[in-house]
Each structure stands twice: as C-alpha cells, then as structure tokens.
1. Taking the stated definitions as given, is Thr68 among the polar types (S, T, N, Q) and modelled with pLDDT of 95 or more?
2. Name the residue, out of Ile98, Ile121, that is loosely packed, with under 11 Cβ neighbours inside 10 Å, within 19 Å of Ser29 (Cβ to Cβ) and not polar (S, T, N, Q).
3. Of the residues that make up the stretch 33-45, is at least one under 21 Å from the mean Cα position of the chain (by Cα) and in a helix (DSSP H, G or I)?
4. When the stretch 91-128 is examined, which residues are found to be outside any helix (DSSP H, G or I) and either of a type in the set (Phe, Trp, Tyr) or more than 19 Å from the chain's Cα centre (by Cα) (or both)?
5. State whether the residues of the stretch 88-98 include one that is among the polar types (S, T, N, Q), touching a helix residue (DSSP H, G or I) at 6+ places or on another chain (Cβ under 8 Å) and at pLDDT 95 or above.
6. Restricting to the stretch 27-44, what's the tally of residues that are surrounded by 14 or more Cβ atoms within 10 Å (Cβ to Cβ), under 27 Å from Val97 (Cα atoms) and not aliphatic (A, V, I, L, M)?
7. Looking at (1) over 24 Å from Leu119 (Cβ atoms); (2) out of contact with any helix residue (DSSP H, G or I) (no Cβ under 9 Å at 6 or more places or on another chain); (3) of a type in the set (Gly, Ala, Ser), which is the only condition Ser58 fails?
8. Can you tell me which residues in the stretch 68-79 are assigned to a helix (DSSP H, G or I) and exposed (fewer than 13 other Cβ atoms within 10 Å of the Cβ)?
Amino acid sequence: MSFLINHFYLFLAIGFGVLSQLIIKWKMSSFSFDDYETMSDKFIFAFSMLFNPYIILSLIFTLLAGVTWMIAMTKFDISYAYPFTTLGFVFVFIFSVILFNEPINSHKILGLLFIIIGLVISSRGGQV
C-alpha cells in the first residue's frame with residue numbers, strides 16, 4: 001500500500017504541474033505579444049496577467065506541485081523519481097491536442113514513445 005501512496009505524491013506533483021501549464025496556455029492563447037510594441041508595454045502586460053484569477057490559480061497549482069514534489073523526495077531517490085517528471089510532456093501533449101487542437105505528427109509521436117520507453121527503462125533501476 002505504501003508503494004501506491006508514495007507514487008501518488010509523484011503523480012500529484014506531475015498533475016499539478018501539467019494543470020498549471022494548461023491553464024496558462026488557455027488564458028494566454030487569446031493574447032499576442034505582437035500587439036505590444038515596446039518592451040515596456042510587453043512587461044506591463046505580462047505583469048498585469050499576474051492579477052488574472054486563472055493565472056493566480058495556475059501559480060497555486062505550481063506551488064502545490066512543488067509541495068507534493070518535496071513530499072515525494074522524502075519517499076524516493078531523486079534518480080528514481082525525476083524521470084517520472086517526463087510524464088508531464090506526455091500529458092501536456094495529449095491535453096494540448098484535445099483542448100487546443102494542436103497538431104499531431106510522427107516526430108511528436110516518436111518523441112513521446114522515446115520518453116515512455118526511457119521512463120520504463122529508468123524506473124526499472126530501483127526505488128527506495
């Protein structure tokens with residue numbers, strides 16, 4: 001049972017991180033930095049987005065990802081746990097296709113397969 005609970009912390013950290021990135025993409029998709037001419041205008045715009053409730057929520061999810069990662073670090077060697085963070089790439093890809101209609105191509109699929117194969121191989125290396 002502790003095996004499942006310990007891994008739950010890993011997957012929670014990954015999930016919070018992925019959720020944060022998806023929210024940021026969702027909210028920022030309707031804007032373009034090209035609409036702002038000067039670097040000052042771009043900075044003011046970016047800073048103003050920090051007051052958007054959804055961006056604040058995404059920052060909270062990022063914080064929660066860090067907290068759950070800290071808990072996971074009490075359960076695993078980092079050399080075992082860190083490769084699991086690559087699942088973030090896989091989940092972001094899947095949800096970006098579903099939610100944002102981002103394109104799929106053979107290079108992306110092949111890259112994801114390499115990530116998954118690498119994770120399987122490295123996770124066989126052992127755990128605490």
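1. Details: among the polar types (S, T, N, Q): yes; modelled with pLDDT of 95 or more: yes.
Criteria met by Thr68.
2. Values: Ile121 fails: within 19 Å of Ser29 (Cβ to Cβ).
Answer to the selection: Ile98.
3. Going through the stretch 33-45, the residues under 21 Å from the mean Cα position of the chain (by Cα) turn out to be none.
No, that holds for no residue.
4. Step one: filter the stretch 91-128 for residues outside any helix (DSSP H, G or I), giving 101-105, 124-128.
If the condition is that a residue be outside any helix (DSSP H, G or I) and either of a type in the set (Phe, Trp, Tyr) or more than 19 Å from the chain's Cα centre (by Cα) (or both), then Asn105, Arg124, Gly125, Gly126, Gln127, Val128 are the ones that fit.
5. Narrowing the stretch 88-98 to residues among the polar types (S, T, N, Q): 96.
In the following step, the residues that additionally are touching a helix residue (DSSP H, G or I) at 6+ places or on another chain (Cβ under 8 Å) were identified as 96.
So of that shortlist, the ones also at pLDDT 95 or above come out as 96.
So far as the stretch 88-98 goes, yes, one or more of its residues are among the polar types (S, T, N, Q), touching a helix residue (DSSP H, G or I) at 6+ places or on another chain (Cβ under 8 Å) and at pLDDT 95 or above.
6. Taking the stretch 27-44 first, the residues surrounded by 14 or more Cβ atoms within 10 Å (Cβ to Cβ) are 27-28, 36, 42.
Retained after the next criterion (residues that are under 27 Å from Val97 (Cα atoms)): 27-28.
Now restrict to residues that are not aliphatic (A, V, I, L, M): 27.
The qualifying residues number 1.
7. (2)
8. Step one: list which residues in the stretch 68-79 are assigned to a helix (DSSP H, G or I), which gives 68-73, 78-79.
If the condition is that a residue be assigned to a helix (DSSP H, G or I) and exposed (fewer than 13 other Cβ atoms within 10 Å of the Cβ), then Met70, Ile78, Ser79 are the ones that fit.
The values are calculated or read from the model by the stated rules, or taken from the named source; none is laboratory data. Bear in mind the structure is a predicted one, so any value in this text is a computation, not a measurement. Don't worry about glycine lacking a Cβ; one is built from the backbone with ideal geometry, like all the others, and counts go over all protein chains shown.
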